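The values are calculated or read from the model by the stated rules, or taken from the named source; none is laboratory data. Just so it is clear, the model here is predicted, and its values are computed rather than measured. Note that each Cβ is placed from the backbone with ideal geometry, even for glycine, and that neighbours are counted across all protein chains shown.
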Amino acid sequence: MRDPIIIQSSSKVKRFSPKVEIKESGRKLTSHSGLYLVEQFVEALGVREELDECIRAKQRERGYDESQSILSLAYSMIAGGDCLEDVDQLRHDETLLGLLGEEQSPHSTTAGDFLRRFTLGHIRQFEKSLGRVEKRVYKKDVTSRVTLDMDSSVFELHSEKEGADWAYNKKFGYHPLFCFIAENGDWLHMRLRRGSAYTTRGAESFLAECLRRLPAGLSVRLRGDSGFYKKAFVEECEKRGVQFTITADQTGPLLEKIAQIDEDGWTKCKEGWEVAEFRYRPVGWRKEYRYIVKRVEIGKGEQTDVFQGMYRYHVCVINITTGSAYLLMRFHMGRGSMENYLKEIKDGFSLRRLPTNRFHANWAYMLIGMLAYNLISWMKRLVFPSGYRNSLIKKLRFRFIQIGGILISTGRKHILSLQNGYLHLKEFVWTYERIQELGLIGDR
């Protein structure tokens with residue numbers, strides 16, 4: 001006898017989204033209500049006044065002010081814009097323009113023309129304005145000691161651009177210098193360079209510029225990779241009273257010095273690696289320095305090195321006299337956060353793509369990215385709820401920037417009505433109130 005055929009009915013019900021008619025709304029809507037918070041913060045810092053006072057890139061009196069052109073691009077980056085054309089999304093958002101106090105904003109073509117007018121002189125003007133704004137924030141927010149993380153990074157390009165060249169890693173692009181403040185993640189300074197520039201090219205003058213952007217009287221420490229392991233840079237740090245930890249090149253003489261360390265000279269650390277220290281003066285250097293070396297035993301199956309034997313070493317030169325070798329190596333290893341900073345500016349603020357074929361125009365665009373990045377960094381410390389101190393821009397966009405809202409104006413009263421069911425409404429309002437409490441930051 002055949003088995004009976006059993007027919008099972010599914011309890012699942014197929015669901016379909018409704019068919020709708022799509023049309024433009026006549027209501028004053030915006031999907032970027034959170035940029036109003038950024039604009040209020042910009043007003044508290046006096047950013048517009050500084051940009052317009054310092055920069056003279058306009059060719060005629062009429063037209064958009066420098067601050068309008070710069071901030072339209074900065075706001076586009078904060079909102080998630082990926083290229084110049086994305087400023088047009090905000091340009092056609094009449095409700096957002098009303099919240100920003102603007103009647104209109106530059107078209108993407110106008111923004112590109114504005115960038116292409118930049119010369120090195122205009123770059124210096126822009127840097128001056130940013131430095132003045134930074135000092136206002138730091139008078140309010142920086143402690144007595146700061147750690148500068150300095151590095152360079154290749155920005156790969158896929159088309160010919162002015163100043164682009166083949167870099168040390170065989171990639172075609174630019175090779176800018178960067179400096180971040182480790183304690184708060186602020187992007188202190190940057191300098192765009194040709195792709196072929198060596199890491200330390202111009203590093204001494206760059207360090208001087210970084211220090212000028214900080215309030216006087218601070219104790220400054222600097223961390224750098226082996227690209228900064230050069231006599232001239234070390235001497236510049238000494239000259240300016242900067243304490244440093246810099247990754248050392250593992251030259252033959254230095255490895256011989258490490259090989260002379262007795263086994264009793266190595267201290268086992270809780271992380272599993274060992275640390276030791278010695279004094280050494282590289283060839284041509286004026287004096288000997290304190291060197292700290294970390295060694296990690298190579299595991300089974302891993303490839304050994306003919307020069308380093310069964311261990312991998314990480315060595316750094318320092319001019320800090322106090323502190324154990326273990327604590328100073330831990331401090332130096334903290335510079336790994338630079339990778340996170342660079343990833344955030346490239347991907348979070350879309351600086352991986354530079355918009356023009358002009359070198360100084362792209363430099364100006366990166367400075368606008370630096371302003372956008374720092375506005376968010378400062379807001380995280382000064383006005384956003386404390387739980388967002390370490391948040392990336394992606395999270396902040398989703399919770400505070402890309403928020404639907406309606407602008408209601410009745411007489412002299414204006415109401416920003418945010419989307420129904422907005423989960424972070426209380427935090428949004430709290431942030432707005434914190435900005436109002438700040439008032440005007442610093443001297444005008």
Failed item in (1) within 26 Å of the chain's Cα centre (by Cα); (2) modelled with pLDDT under 95; (3) small (G, A, S), with G224 passing the rest: (2)
Test: residue in segment 359-380 that is part of a loop (DSSP other than H, G, I, E, B), in contact with a helix residue (DSSP H, G or I) (Cβ under 6 Å, 6 or more places away or on another chain), surrounded by 12 or more Cβ atoms within 10 Å (Cβ to Cβ) and modelled with pLDDT of 95 or more: no
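Determine whether segment 342-362 contains at least one residue that is without any contact (Cβ under 8 Å) to a residue 12 or more places away in the chain and within 24 Å of A44 (Cα to Cα). Don't jump to the end; show me each part of the working.
Within segment 342-362, the subset without any contact (Cβ under 8 Å) to a residue 12 or more places away in the chain is 343, 347.
Imposing the further condition that a residue be within 24 Å of A44 (Cα to Cα) reduces the set to none.
So far as segment 342-362 goes, no, none of its residues is without any contact (Cβ under 8 Å) to a residue 12 or more places away in the chain and within 24 Å of A44 (Cα to Cα).
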Residue match in segment 202-221 (condition: touching a Phe, Trp or Tyr at 6+ places or on another chain (Cβ under 9 Å), part of a loop (DSSP other than H, G, I, E, B), in contact (Cβ under 8 Å) with a residue 24 or more places away in the chain and within 25 Å of H314 (Cβ to Cβ)): no
Residue check, N169 more than 19 Å from the chain's Cα centre (by Cα) and of a type outside the set (V, I, T): yes
Helices (runs of 4 or more DSSP H) completely within segment 1-84 that count 2 or more residues being over 16 Å from L115 (Cα atoms) and either among the acidic types (D, E) or modelled with pLDDT under 95 (or both): 35-45, 47-54
Selected residue (criterion: farthest from the chain's Cα centre (by Cα)) from residues of segment 275-293 that are more than 13 Å from E238 (Cβ to Cβ) and touching a residue at least 40 places away in the same chain (Cβ under 8 Å): G284
Residues of segment 400-444 satisfying the condition of being surrounded by 16 or more Cβ atoms within 10 Å (Cβ to Cβ), at pLDDT below 90 and of a type in the set (V, I, T): I441
Residue match in segment 231-238 (condition: β-branched (V, I, T) and in a strand (DSSP E or B)): no
Criterion (farther than 30 Å from R145 by Cα and either exposed (fewer than 11 other Cβ atoms within 10 Å of the Cβ) or at pLDDT 90 or above (or both)) met by exactly one of A248, A259: A259
Filter result (hydrophobic (A, V, I, L, M, F, W, C) and either surrounded by fewer than 13 Cβ atoms within 10 Å (Cβ to Cβ) or modelled with pLDDT under 95 (or both)) within segment 334-348: M338
Any hit, segment 155-162, residues being over 23 Å from V317 (Cβ atoms) and touching a Pro at 6+ places or on another chain (Cβ under 7 Å): yes
Unmet criterion (only one of (1) touching a helix residue (DSSP H, G or I) at 6+ places or on another chain (Cβ under 9 Å); (2) over 12 Å from L35 (Cβ atoms)) for H92: (1)
Scope segment 123-172; condition among the small types (G, A, S) and either more than 18 Å from E209 (Cα to Cα) or in a loop (DSSP other than H, G, I, E, B) (or both); matching residues: S144, S153, S159, G163, A164, A167
Where D113 falls short, out of the listed (1) without any contact (Cβ under 8 Å) to a residue 12 or more places away in the chain; (2) more than 22 Å from S350 (Cα to Cα): (2)
Looking only at segment 72-92, and only at residues there that are more than 17 Å from the chain's Cα centre (by Cα) and in contact (Cβ under 8 Å) with a residue 60 or more places away in the chain, the one that is surrounded by the most Cβ atoms within 10 Å (Cβ to Cβ): L84
Residues (touching a strand residue (DSSP E or B) at 6+ places or on another chain (Cβ under 6 Å) and either assigned to a helix (DSSP H, G or I) or of a type in the set (A, V, I, L, M) (or both)) located in segment 85-96: T95, L96
Evaluation of I320 against (1) among the hydrophobic types (A, V, I, L, M, F, W, C); (2) surrounded by fewer than 17 Cβ atoms within 10 Å (Cβ to Cβ); (3) in contact (Cβ under 8 Å) with a residue 40 or more places away in the chain; (4) out of contact with any strand residue (DSSP E or B) (no Cβ under 6 Å at 6 or more places or on another chain) (one fails), failing number: (4)
